[in-house]
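Notes for the one structure printed next.
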Amino acid sequence: MSDKTNEANKRIEDLIRQLMQQAENGEGQPIFIGMKIVIPPGSFPGIPPAGGPGGRGNSTEPEIEVHRLGNHVTLVTELPGMSVENVKVLFRDNRVFIWAKDQERQYRTGAEVPPADKKTVEISFRHGVLEVSYQIAAEAQENPSSEG
């Protein structure tokens, strides 16, 4: 893929993350129509225009390590200086999104992962390292081609 395509995909992923986070916080509901995302005027303040400066604001995007052993998955990412009560983890199909924010810093990251059996998710956070472990959802175990 070209750098232009990668940048466009990154901007779309950022917008989807922001929409999901804002909807989760009760700040409106995005409307998805086909391949277009329609945002009602005034519903989502703070979303920068595409291509505008500072598209990610002052957030840091740490890498997520994905480790798989059989049907068990462990995700590891570093969130230095953060406390556990400021960390949010959200699974959507075969994606995971992680947000962490306090008065001094902000982290946002996401990755494609094998779909989680949400009943098995365990989260630990120690010395700035977030570890999320889970079993792969049963339907994904039966259809390995749906994994990330």
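Given the Cα-Cα distance of residue 105 and residue 85 and 0.36 nm per residue of separation, how much length would full extension add, in nm?
5.8 nm
Roughly speaking, what is the stretch gain from residue 76 to residue 10, that is 0.36 nm per residue apart minus the C-alpha to C-alpha distance, in nm to one decimal?
Full-extension gain reported as 21.7 nm.
Against the 2.2 N^0.38 Å scaling, with N counting residues, where does segment 89-142 land? I'd like the Cα-based Rg ratio to two decimal places. Could you put the intermediate results ahead of the total?
Details: Rg = 12.6 Å, N = 54, 2.2 N^0.38 = 10.0 Å.
Cα-based Rg divided by the globular estimate yields 1.26.
Where a number appears in this text, it was derived from the coordinates with a stated rule and is not lab data. The model shown is predicted, which means the values in this text are computed figures rather than measured ones.
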